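A short worksheet on the structure shown next.
The values are calculated or read from the model by the stated rules, or taken from the named source; none is laboratory data. What you see is a predicted model, and the numbers here were worked out from it, not measured in a lab. For neighbour counting, all protein chains shown are included, and Cβ atoms are generated from backbone atoms with ideal geometry for every residue, glycine included.
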Amino acid sequence: MNPPTALVQISDATFAHEGNPNIFEGVSLSILPGDRIALLGPNGSGKSTLFRLLCGAWSPTAGVVRVKGQVLDRKKKSRNYARSVVQLVLQEPDDQIFALSVRDDVSFGPMNQGLDSKAIAQRVESALVAAEVADLTDRVPQQLSYGQRKRVALAGALAMQPEVLMLDEPTAGLDPAGCAQLLQTLERIDAAVILSTHDVNLAYAFAKTAVVIHEKRLISGPVDEIMCNQQLLKAARLELPWAPFVSAALGEPVRTPEDLVTRGH
């Protein structure tokens, strides 16, 4: 059986921005259908930059980005194609939300795809339900709580029916209950999901694959292996997630996220 085609792939890419030294050097990453990926790094490590490269908003200085095999360039047609496959939810919802009602905001993307009114309504309703903001349809976004606005921004991305959903620091500013609710929502999404975070416990709970930004390169692997690599996490200025740390302190085998779920603790 042939391996699945990557939905998004960045290959041997280098990136410098506005005359600054290279932020990335020779990085490669593939996002496959069904992936659950956590992109890890401290603040300022380049997580948001990598997302902008992967979704086609920015172009690498060297190397290529492909979306479903198509090489992205600076042309409008290429970027529109990328947006039809990949959606990025920004860290700050107020950078993304602009309409005077939740419904109008979530409708904006599908309307600009030239869909008929019935198709738009179906997409919007589905996205509102998926993001758990269907009860806020007629509200003014700017009058909602921060967590609610984050969910409206997520609904706007879901209404585009992306095959890859990228979320930049999605739990920033949320309380523990809000974080748990968001993770439950993401688990129900069919698209491949990649989220950026500096929260190693979030990454350990959510992802199957972890990608660590370290010295301008990407180091990736199964989440339980990466999260137990104390040397790597320390070098990348990340903490060890609590589950492997407790296991190590007790001299017990390290538990994977699946272990914690199936054993109930």
Practice item. Please indicate, with yes or no, whether at least one residue in the range 244-264 is at pLDDT 90 or above and buried (at least 20 other Cβ atoms within 10 Å of the Cβ). Key: no
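Wholly within the range 1-113, which helices (runs of 4 or more DSSP H) include no fewer than the required count, namely at least 2 residues that are over 18 Å from the mean Cα position of the chain (by Cα) and of a type in the set (Gly, Ala, Ser)?
Output list reads 102-111.
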Review point. For the range 41-91, which residues satisfy the criterion of being in contact with a helix residue (DSSP H, G or I) (Cβ under 9 Å, 6 or more places away or on another chain) and either free of Cβ contacts under 8 Å to residues at least 12 places away in the same chain or of a type in the set (Ser, Thr, Tyr) (or both)?
Key: SER59, GLN70, VAL71
Check your understanding: For ALA157, all conditions in the list (1) modelled with pLDDT of 95 or more; (2) among the small types (Gly, Ala, Ser); (3) more than 30 Å from ASN22 (Cβ to Cβ) hold save one; what is the number of the exception?
Key -> (3)
**Study point:** Candidate set from the range 181-219 (those that are surrounded by fewer than 19 Cβ atoms within 10 Å (Cβ to Cβ) and among the aliphatic types (A, V, I, L, M)); member that is farthest from LYS150 (Cα to Cα)
**Key:** ILE219
Check your understanding: When you look at SER59, is it surrounded by fewer than 21 Cβ atoms within 10 Å (Cβ to Cβ) and modelled with pLDDT of 95 or more, yes or no?
Key -> no
Check your understanding: Is it the case that the range 182-197 has a residue that's assigned by the TED database to the domain that holds ARG36, of a type in the set (A, V, I, L, M, F, W, C) and more than 13 Å from the chain's Cα centre (by Cα)?
Key -> no
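Per-residue answers, yes or no, for (1) surrounded by fewer than 17 Cβ atoms within 10 Å (Cβ to Cβ); (2) farther than 22 Å from ALA157 by Cα:
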{"site": "PHE24", "(1), (2)": "no, yes"}
{"site": "PRO42", "(1), (2)": "yes, yes"}
{"site": "VAL65", "(1), (2)": "no, no"}
{"site": "VAL71", "(1), (2)": "yes, yes"}
{"site": "GLN91", "(1), (2)": "no, no"}
{"site": "GLN96", "(1), (2)": "no, no"}
